[in-house]
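Below: the structure, in structure tokens.
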Amino acid sequence: MKIAFTSSGTTWESIIDPRFGRTEYIVMYDEESQELSVVDNSSVKNEAHGAGTATSQRIFELQPDVLITGNGPGDNASAALKHIKMKILVNAHDLTLRQAYEQYKNGELKEQ
Amino acid sequence: MINRKPLKIAIASGKGGTGKTTLSTNLAAYIAEQQEVVLVDLDVEEPNSGLFFNGELIHEEPNLKMIPQWDESKCTLCGICRKVCNFHAVIQLGPTIVVFPQLCHSCYACSELCPENALPMIPKSTGTLKDFRSGNLHFIESRMDVGEEQAVPAISKTKNYAAGKYGNANFTIYDSPPGTSCPVIEAVKDVDFVILITEPTPFGLHDLRLAVETVRALKKPFGVVINRYGIGNDEVIEYCTEEDIPILAKIANSRKIAGLYSSGKLIYNEVPEVKTALQEILDHCLKMMEGEHK
């Protein structure tokens with residue numbers, strides 16, 4: 001399974017970024033290889049318009065199985081993400097990536 | 001009334017809820033007692049001037065914007081469309097091009113640059129324009145559909161409709177949206193005079209300053225009306241004096257006015273001071289305009 005986090009930093013100890021479209025980073029965790037990889041999303045973050053759909057495009061290219069985020073994508077991004085077979089888990093803000101991952105494993109995160 | 005060039009006035013404010021609609025509707029109705037006047041509600045995200053008039057609906061039309069429509073049969077998935085869209089209104093998800101009409105700014109880039117003509121532009125309704133008549137008063141409003149984001153095209157179209165149909169009327173009054181952002185600029189940019197209405201509170205003053213900076217940048221003659229006069233403090237008056245801004249009128253804070261407004265009624269016939277204030281505002285606008293054109 002590949003898991004994508006919206007993140008304010010680049011490590012397991014970083015806090016989940018509650019924003020979807022304007023998240024600072026997208027952090028990917030590949031459970032098979034147990035590797036963490038980071039996509040800098042700052043170019044999208046500073047867009048005046050369409051940050052949600054632009055980040056959706058990126059997420060699509062990364063092809064995760066699960067997305068863990070905070071507030072949840074807005075209407076446009078949600079419409080875009082419907083084209084991707086992916087589980088979206090929300091309300092993980094205030095958690096570190098590690099805590100969020102553990103909560104996901106324990107089935108404690110809410111599905112959008 | 002003397003013959004002169006038709007006068008276009010915008011009633012604007014930095015802060016919301018300071019009395020733009022109160023002043024717009026009452027001033028328009030007051031002028032309409034004597035002569036033809038056009039009131040245009042440009043607060044297209046939440047138009048409410050219409051609540052104060054029982055006009056006859058003369059005309060209704062959709063506000064259209066052009067958006068691309070994906071033709072799957074022609075598309076080769078080259079990706080040019082999504083790369084050229086500055087607004088991320090066109091994205092490519094694997095074998096699918098997805099268009100987000102509400103993000104689209106109708107720039108035609110994706111459509112024109114598509115080598116296969118797979119994104120023809122089609123009209124989409126974003127709201128409705130209505131034209132009412134009540135005696136000497138023409139009332140025009142546009143109302144955006146829920147979920148639409150772009151007020152500026154609707155404002156521009158509504159102004160053009162009013163100017164095209166009633167451009168010869170002596171007075172056109174724009175009830176502007178609040179704030180100082182793009183919709184306000186669009187509403188104010190082609191008027192002859194701007195009335196900034198404010199309340200005499202620190203909050204009112206803060207947003208008045210922003211509104212003054214905006215109309216000064218647009219090089220528009222303007223004056224201030226103080227509404228709910230008597231609350232707050234004297235800082236708005238001090239500011240206007242320092243900045244040499246004419247105060248056109250003061251409308252006293254009054255429970256009676258609030259009550260009439262809340263029940264959808266015009267005020268100036270019930271509160272004589274308001275009628276006096278309207279006449280003062282009108283005189284001032286006309287005088288300033290005469291000065292401008294001499």
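Every number in this text was worked out from the coordinates using simple rules, so none of it is lab data. If you're wondering where the values come from, they're calculated on a predicted model, not measured in any experiment. Virtual Cβ from ideal backbone geometry, glycine too; neighbours counted across all protein chains shown.
Tabulated data for the structure shown
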| quantity | calculated |
| --- | --- |
| Other protein chain Cβ atoms within 10 Å, averaged over every residue that makes up B:97-103 | 4 |
| Neighbouring partner chain Cβ atoms per residue of B:81-94, average, 10 Å criterion | 5 |
| Packing-based ranking, highest mean first, of A:17-29, A:73-85 given that Cβ atoms within 10 Å are counted | A:17-29, A:73-85 |
| Size of charge dipole - the protein assembly as shown - debye, nearest 20, with Cβ of Lys, Arg +1 and Asp, Glu -1, no other charges | 740 |
| Cα gyration tensor shape of chain A, rounded if a/c is under 1.5, else prolate or oblate by comparing a/b with b/c | rounded |
| Ascending count of other beta-carbon atoms within 10 Å, so fewest first, for B:R143, B:R133 | B:R133, B:R143 |
| Cysteines in chain B that, by Cβ-Cβ distance, have no pairing candidate under 4.7 Å | B:C75, B:C78, B:C85, B:C104, B:C107, B:C114, B:C182, B:C240, B:C285 |
| Choice from B:D145, B:D71, B:D192 with maximal GNM fluctuation in chain B (Cα, 10 Å cutoff) | B:D71 |
| Chain A: calculated mean residue ellipticity at 222 nm from DSSP helix runs of at least 4, using -39500 (n - 2.57) | -7500 deg cm²/dmol |
| Cα centroid separation, the stretch A:1-76 to the stretch B:28-84 (Å) | 36 |
| Residue exposure sequence - B:F139, B:F171, A:F60, A:F5 - by fewest surrounding Cβ within 10 Å | A:F60, B:F171, B:F139, A:F5 |
| Partner chain coverage, peptide B:276-287 - average Cβ within 10 angstrom | 0 |
| Residue-count net charge about A:D40 - beta-carbon cut-off 11 Å; Lys, Arg +1, Asp, Glu -1 | +1 |
| Exposure proxy ranking, count of Cβ atoms within 10 Å, fewest first, for B:V152, B:V90 | B:V152, B:V90 |
